[in-house]
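Engineer: First the structure, which I've put down as structure tokens, then a few questions once you've had a look.
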């Protein structure tokens, strides 16, 4: 009997979901961010779209910004606000379609479209002075996360330094080598998952990042993509790792739509080339195997 390849099964199911998920229907799993909604430009009143949604959301978490408002340096200035000296912005991308007309072999004019990417830098409202709008957090009154003993035991068995705190953001601190996860009360039910599933998927996502450290799997040295693509590629690995671990640990039996949703965002950043998902899947499988091996030590 052939051995079941859970990694390939999960990867294949996610790929089938990729064309179905809608990046405009994105729901973040934290109560505060869910209450604030999509990353928004307060000058134009437009919501950011596509890969900019997860990109700015995770920048907001990583840098612990309290606002989901983002605008360019020039736009903040037009609003009467000033970006503070020394602040580092976050990259966003917009695609414009260039229509090109050429004569074909039959001597007829034929139009073709060429997608052109334009890159901009935006700054969060927390990085500027002279902007008075403040979003208020809306956390749960009760903790909706139900602890799963087997998963908690698995995470503890890795030996990872996992810290929980009230401040915003889930992240792996590469320099100090620890994982930070928001307090469980900050996780909410979304359209695709329960608060419990969202909590553990987030924890396992960061745990996958943790495996890539230089003294573990040393993923920075892996020649799997261009240097300019490494951030997006690492996020693909972490989300696939979370999906694999959720299946392995019985948190969910099938990949959730929000895994595919997040993965689709990063595939767009990698020019929507699906070959990256297979490369990332191989690295995520290594990460899961590494975490499983730690249970026996």
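The values are calculated or read from the model by the stated rules, or taken from the named source; none is laboratory data. Nothing here was measured: the structure is a model prediction, and the numbers come from that model. When we count neighbours, we look across all protein chains shown, and the Cβ atoms used for this are built from the backbone with ideal geometry, even at glycine.
Engineer: Out of the residues in the range 149-163 meeting the condition of being touching a helix residue (DSSP H, G or I) at 6+ places or on another chain (Cβ under 7 Å) and within 18 Å of residue 187 (Cα to Cα), tell me which one is surrounded by the fewest Cβ atoms within 10 Å (Cβ to Cβ).
Structural biologist: 162
Engineer: How many residues does the range 185-195 hold that are surrounded by fewer than 19 Cβ atoms within 10 Å (Cβ to Cβ) and either in contact with a strand residue (DSSP E or B) (Cβ under 8 Å, 6 or more places away or on another chain) or at pLDDT 90 or above (or both)?
Structural biologist: 0
Engineer: Is it fair to say residue 172 is closer than 18 Å to residue 291 by Cβ, at pLDDT 85 or above and under 14 Å from the mean Cα position of the chain (by Cα)?
Structural biologist: yes
Yes or no, residue by residue, for (1) at pLDDT 90 or above; (2) on the phi > 0 side of the Ramachandran plot; (3) surrounded by 15 or more Cβ atoms within 10 Å (Cβ to Cβ):
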| site | (1), (2), (3) |
| --- | --- |
| 59 | no, no, yes |
| 63 | no, no, yes |
| 70 | yes, no, yes |
| 75 | yes, no, yes |
| 85 | yes, no, no |
| 91 | no, no, no |
| 102 | no, no, no |
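Engineer: Against the definition (modelled with pLDDT under 85, closer than 27 Å to residue 209 by Cβ and surrounded by fewer than 19 Cβ atoms within 10 Å (Cβ to Cβ)), how does residue 119 come out, yes or no?
Structural biologist: Judged against the criteria, residue 119 is a match.
Engineer: Out of (1) modelled with pLDDT under 75; (2) within 20 Å of the chain's Cα centre (by Cα); (3) within 19 Å of residue 239 (Cβ to Cβ), the odd one out for residue 31 is which?
Structural biologist: It is condition (3) that residue 31 fails.
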